[in-house]
Amino acid sequence: MICSISGEVPEEPVVSKSSGLLFEKRLIERHILDYGKCPVSGETLTMDDLVPLKAGKVVKPRPVQAASIPGMLGMFQNEWDALVLSAFASEQQLHTTRQELSHCLYQVLLIISRYTLDLIILVKSHRLLRAPRPFFR
């Protein structure tokens, strides 16, 4: 099933009652509005002459580029380039996240060391206050 105008598989196929040709709905409707006749046979054609076809989802064929080795190599190169750029962006984001995490961890360690120092000072001062008095007889 190939559209008589575009030569591609139609997404919304319609058939002309008069000629029996298959078209993509949006393309033939546009052509009818502009010219009022069939693009292939030249017969007068109206919107009422179009019959929609009910068909299952069709997998679109490979583009023309994929039909030749140089075309496939070009497609693979484009996909590879996109993949490398994506990996590079991910690496940059990972590096930035690691730096932020490292900075936060450093701040947490500073806070812990300050509180530990304060706790040590507090314990020492508490011991001095509660130090036993010498017992003399």
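The modelled label-to-label distance between ARG26 and LEU85, using points 7 Å beyond Cα along the C-beta direction, is 2.5 nm. Projecting the Cα atoms of SER113, SER18, GLY7 onto the dipole axis of region 1-117, where Lys and Arg carry +1 and Asp and Glu carry -1 at the beta carbon, places SER113 farthest toward the positive end. Grab the DSSP H runs of the chain that are 4 residues or longer, score each as -39,500 (n - 2.57), total them, divide by all residues and round the 222 nm result to the nearest 500 deg cm²/dmol. It lands at -19500 deg cm²/dmol.
Note on the chain: GNM, Cα springs under 10 Å; of LEU27, LEU85, LEU110, the largest mean-square fluctuation is that of LEU110. Taking a point 7 Å out from the Cα of ALA66 in the direction of its Cβ, the residues of region 1-42 whose backbone N falls within less than 14 Å of it are 9.
Listed by chain and number, the aspartates and glutamates placed with their C-alpha closer than 13 angstrom to that of LYS37 are GLU29, ASP48, ASP49; residues fewer than eight positions away on the same chain are left out.
If one takes the longest principal axis of the Cα atoms in the chain, at what angle in degrees, from 0 to 90 and to the nearest 10, does the Cα axis of helix 25-35 lie? Between helix and principal axis, roughly 50 degrees. 3J(HN,Hα) couplings calculated from phi for region 108-119 with the Karplus curve 6.51 cos²θ - 1.76 cosθ + 1.60 (θ = phi - 60°) are, in sequence order, 5, 5, 4, 4, 4, 5, 5, 5, 5, 4, 4, 5 Hz; Gly and Pro show x. Rounded to the nearest 20, the Cβ-based charge dipole of the chain about its Cα centre (Lys and Arg +1, Asp and Glu -1) stands at 1860 debye.
Pairwise Cα distances in the chain exceed 19 Å in 74 percent of cases.
Extension gain for LEU33 to VAL108 (0.36 nm times residue separation, less C-alpha to C-alpha distance): 19.9 nm.
Every number here is computed from the coordinates shown, using simple stated rules; none is lab data. As the structure is a prediction and not an experimental result, all values here were calculated from the model. Here Cβ is always computed from backbone atoms with ideal geometry, including for glycine, and neighbour counts include all displayed protein chains.
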